[in-house]
1. Once you've got the GNM for the chain with C-alpha springs shorter than 10 Å, pick whichever of 40, 25, 71 has the biggest mean-square fluctuation.
2. Can you compute the FRET efficiency between residue 57 and residue 32 using 1/(1 + (r/R0)^6), with r the Cβ-Cβ distance and R0 = 30 Å? Round to the nearest 0.05.
3. Convert each backbone phi in region 38-45 into a coupling constant with the Karplus relation 6.51 cos²θ - 1.76 cosθ + 1.60 (shift: θ = phi - 60°), then list the ³J(HN,Hα) values in order as whole Hz, x for Gly and Pro.
4. If you line up the long axis of helix 61-75 against the longest principal axis of the chain, both from Cα atoms, how many degrees apart are they, to the nearest 10?
5. Give the accessible surface of the chain per residue, rounded to a whole number of Å², with probe radius 1.4 Å and ligands, DNA and RNA excluded.
6. Using only alpha carbon pairs under 8 Å that are at least six residues apart, calculate the relative contact order of the chain and give it in whole percent.
7. Report, in deg cm²/dmol and to the nearest 500, the calculated mean residue ellipticity at 222 nm for the chain, where each DSSP H run with n ≥ 4 adds -39500 (n - 2.57) and the sum is divided by the residue count.
8. Starting from the Cα gyration tensor of the chain, take the square roots of the eigenvalues, sort them a ≥ b ≥ c, and report rounded, prolate or oblate (rounded when a/c is under 1.5, otherwise prolate if a/b is larger than b/c, else oblate).
Amino acid sequence: MNELEDFLVRNMTLFSAIGLALRFVIYGMPSLDLVWLWLVLAFAIGNGGALLAVAKTYERPRFYIYGIILVIIGFLPLQLLFG
């Protein structure tokens with residue numbers, strides 16, 4: 001893999017796992033029919049965290065905005081709309 005691709009994969013995996021763990025701490029265990037939503041939102045947190053890391057490392061200031069928006073969307077209590 002190229003250096004940027006390796007960087008993105010590592011950060012997306014790390015931030016997705018951290019986002020999923022934080023969602024468990026904040027909102028508790030999801031019901032089985034909402035597991036898909038939790039995984040999608042954790043993936044949004046992972047993508048946002050990876051964008052923030054890219055913005056910091058590769059000096060892309062516009063990526064900060066996109067990363068923050070994705071992280072905020074990932075932490076919204078959207079499971080209340082589906083439950």
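The values are calculated or read from the model by the stated rules, or taken from the named source; none is laboratory data. Note that the coordinates shown come from a computational prediction; the quantities given were computed from them, not determined experimentally. Glycine gets a Cβ as well: all are built from the backbone with ideal geometry, and neighbour counts include every protein chain shown. Each accessible area value is taken on the protein alone, full model and side chains, heavy atoms only, with ligands, DNA and RNA left out. Shrake-Rupley method; radii C 1.70, N 1.55, O 1.52, S 1.80 Å.
1. 25
2. 0.20
3. 5, 5, 5, 5, 5, 5, 5, 5
4. 10 degrees
5. Spelled out: the 1.4 Å probe surface of the chain, per residue, equals 68 Å².
6. 32 percent
7. Only helices count here, giving -27500 deg cm²/dmol.
8. Because a/c hits 1.5 or more and a/b exceeds b/c, the chain counts as prolate.
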